[in-house]
Structure formats: structure tokens, C-alpha cells
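Everything below concerns the one structure shown next.
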Amino acid sequence: MQRGRITAALAALPSGTIPVGLGLVVAGLAAYGFQVIAFRVLGAEPYAALNGLWVTAFVLAPGLFLPLEQEIARALAHRRALGQGGRPLIKRALVLGVILVVGVVAAVIVLKGPIETRLLRDSDGLFVALIVVLVGFSFESVTRGVLSGNGRFGRYGLVVGVDGFARVALSALIAVVGYDTLGWFGVAFAIAPFLASGAGLIGVRGMAEPGPPAPMSELSTAIGWLLLGSTFAQALSYSAYIGASVLATRSQDAELGAFIAGLFIARVPLLLFQAVQAALLPKLAGLLGHGKIREFRQGLLRLVVVVVVASVLGVVIALTVGPMIGRALFGEKFTLSGPGLAALTAGCCLVVIALTLAQALIALRRYALTAMAWVAGMVAFGLVMWLVDVDVFTRAEIAFVAGGGIAVIWMAIASWIGLRDLTAAHAVAVV
């Protein structure tokens, strides 16, 4: 019986989850290795500044470039289902990627003052690292989209794993050699995407076969909604840090450092979900391309059940042994409590559930509804941060859970409506 349940749970996962998951195990461990090394080597204020770089990069880069990756993967998977080559589509994607990265770098330069002051703690070196890593992430996103859309999930997992491993290996080298300054950690952070993309593309063949022309609309019809949704999704996933960082005073840097460390422990479910996300969207798009609506609905339902059960388990673990794990990793300066870690984990798990539903909505091309769900989540977060009168860190935890909950409710309703409409349209077409 137990073996049957495990088999059913694995069957709910899209093909490609395992190889991508292996890469994410490496990336996840590496991310924590990087954080632990930085926490132990740097002081409280430099560590907070380094995580300002981390959060700014991981809000802007995935927020702006993940939609491009997803659209490349979706469109290539759809072409594969029709037996069409993707070379013209990839060329279009590269053009769109260049446009996006030029735009975001220009915007970051314009906003240099507030970004440096509020997030990077007045570090010019980290600002340069931010620009470099944005360019690197744009190229890595195109690479991952092409690999995912072609079903090359082993290579996709390699890219993910090398990205994390390179970062932690370089930071460990910095610590051993003694170049334990903030700028060198910024360098290690910034160059990892370039190394990862190179590792993923070396020796790969057959991913850009000739095919029919690809108008820009094949990728960019809803890119605006995708950009909006992805940016707000990333902002919501890091909203607890953003809220605490903006409101905390410089005298609270030590508490902020422990809070950031706790958030990284809580983000384990989000890191693991990337394995499912990379394989899920091409699978859902392929099912719709073949008109398999029933399989689409059943696969999504099974996956949601798996994610919800895993989320509950994650919250229980955070509540009971989370502080012990935190002290083992980060040392005695880690002071976040079990309830605090459980709240942060619950917020992350709600974001994971919303992301699962978002993949279905994107496959259904309900882009606007997906984007507005993330916007609603951030609005809820902001309202709770404003209205709740407790200390800044507890306020951020409560607001994080509220924002994730609103996003899940919105996504669930939109998914139900989208599937209902698709089923009705299919029934009419069959008749």
C-alpha cells in the first residue's frame, strides 16, 4: 500500500522532474553553503548588504527573464508536439532577451541611488555585481528555456546545479585565501550564471532544427502580463525580507541577519519546486496541444495534492526542529524561533501552491488573471504590513502568509474557471 502511494505521487510529477531535481539539490545546498560562508565570514552589516544584492537580483532577474524562459519552453514544446523545428523561434527569443536586459539595466542605473542606499548599504561594488548578474541571468534564462522546451532536462539540471555550485565554490575559495571582503563575494555571485550557461550548452546538438518562421507574437503576445506576474511573484516570494529590510533600522542589522538566514531555511520548498516548474509547463502545454484536457485536469489535481501535503510537512518540520537546524548551519547568532520559522515556511509553501496553479493558468493562456493574482498577493502583503501593529519582523511574517494565501485563493478560482471554460469549448468542438 505504501509503495503504491509513493508510485502514485511520483506519477503525478511531470517527466523531467528527477534530473532537474538533482540539479536543484546541488543548487539548494550550494545556496545555503554560500549563505553560511557569508554569514560566518562577514559581519552583520556586510551580510545584510550582500543579501540586498541577492534579493534584488532574484526579484529582478527571474521576475523579468523567467517569463521569457517559460514562453520559450512552452512554444518549443508546442512546436515539438506538431513536429516543427524551433530555430526561428530561438532567434526571436535571443532578440527579445537582448531587449529585456538592456531595458532592465537602464532602469537599474536610473534607480542607482535608492537601490544602493536601501538594499546594498552604499556599496558601489555590489551595484556593479548587480548589473553583471542581470546580464548573466538573461542569457541563462534563454538557455534554460531552450533546454526545457526540447526536453533536455538532464542538461537543464546541469545548468541549475553549476549555477549554485560555482557560487559556493568561489565563495569558499575567497574564505580560504583570505579575500574575505564584500566585493569578492559580489564577484562570486555575479559570474555564476555565465559559467552555468556555458556548462549547459557545451556539446549539445539538435536543439535548433529548421522550422517555419516565428513571428514575435509567438513569444510576446502576452509578455507584458507575464513580466508583470513574474516580477510580482518573485517580489511576493521575497516580500518578508523586503518588508523587514526596508523598515528595520541600522541598529537592527544583527536581527535582520538572523531573519534573512531563517528565510533561506524556509525557502527550501521554493527551491525544490523549481524542479517541478521547469518540467510542468512544457508538459501541460503539450497536453493541451494534443487536446488531452482530461489528462491535463487530472495531472494538475494530483500535483496540487502532492504539493499541499509536502507543504504541511515542511511547516511542521520548521516549527519543531527549524531553530536547531538554523543554529547548526549559521551558529549561535541564529536567533529565529520555531513559530517564526514556521510562519516563513508557511508563506513560502503558499507561494509554491500558487506557482503550481500559475503554471496551469499560463498553459491555458490566462496571463492577465495570473498576473493579477500575484499583484493581489503583494497588495495584501502591503496592507497587513501597514495595518498590523507589532514588531517589524513579526509583521513581515504575518503579512507574508496573508499575501501567499490571497494569491492561492485567486489562482484556485481562476484555474477552476479556466478548466470549466476549456471543457465546455472542447465539448462544443467535438459535437
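Condition check ((1) in a helix (DSSP H, G or I); (2) within 17 Å of the chain's Cα centre (by Cα); (3) at pLDDT 85 or above) across all residues:
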| residue | (1), (2), (3) |
| --- | --- |
| Thr231 | yes, yes, yes |
| Gln234 | yes, yes, yes |
| Ala240 | yes, yes, yes |
| Ala244 | yes, no, yes |
| Asp253 | yes, no, no |
| Phe264 | yes, yes, no |
| Leu272 | yes, yes, no |
| Val276 | yes, yes, no |
| Leu280 | yes, yes, no |
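Within the range 162-184, take every residue that is farther than 16 Å from Phe39 by Cβ and not in a helix (DSSP H, G or I) and give me the one that is nearest to the chain's Cα centre (by Cα).
The residue in question is Tyr179.
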Picked from the range 327-343 (must be out of contact with any Gly (no Cβ under 6 Å at 6 or more places or on another chain) and in a helix (DSSP H, G or I)), the residue surrounded by the fewest Cβ atoms within 10 Å (Cβ to Cβ) is Ala328
Do you know which residues across the range 110-125 are polar (S, T, N, Q) and assigned to a helix (DSSP H, G or I)?
-> Thr117
Can you tell me which of Gly103, Gly97, Gly86 is crowded, with 19+ Cβ neighbours inside 10 Å and free of Cβ contacts under 8 Å to residues at least 60 places away in the same chain?
-> Gly97
Any hit, the range 190-203, residues being within 18 Å of Thr56 (Cβ to Cβ) and either in contact with a His (Cβ under 8 Å, 6 or more places away or on another chain) or small (Gly, Ala, Ser) (or both) = yes
When the range 110-140 is checked residue by residue, the ones that are crowded, with 22+ Cβ neighbours inside 10 Å and more than 18 Å from Val159 (Cβ to Cβ) are Leu119, Leu120, Leu126, Ala129, Leu130
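The values are calculated or read from the model by the stated rules, or taken from the named source; none is laboratory data. All values reported here derive from a predicted model rather than from experimental measurement. All Cβ positions, glycine included, derive from the backbone under ideal geometry; neighbour counts span all protein chains shown.
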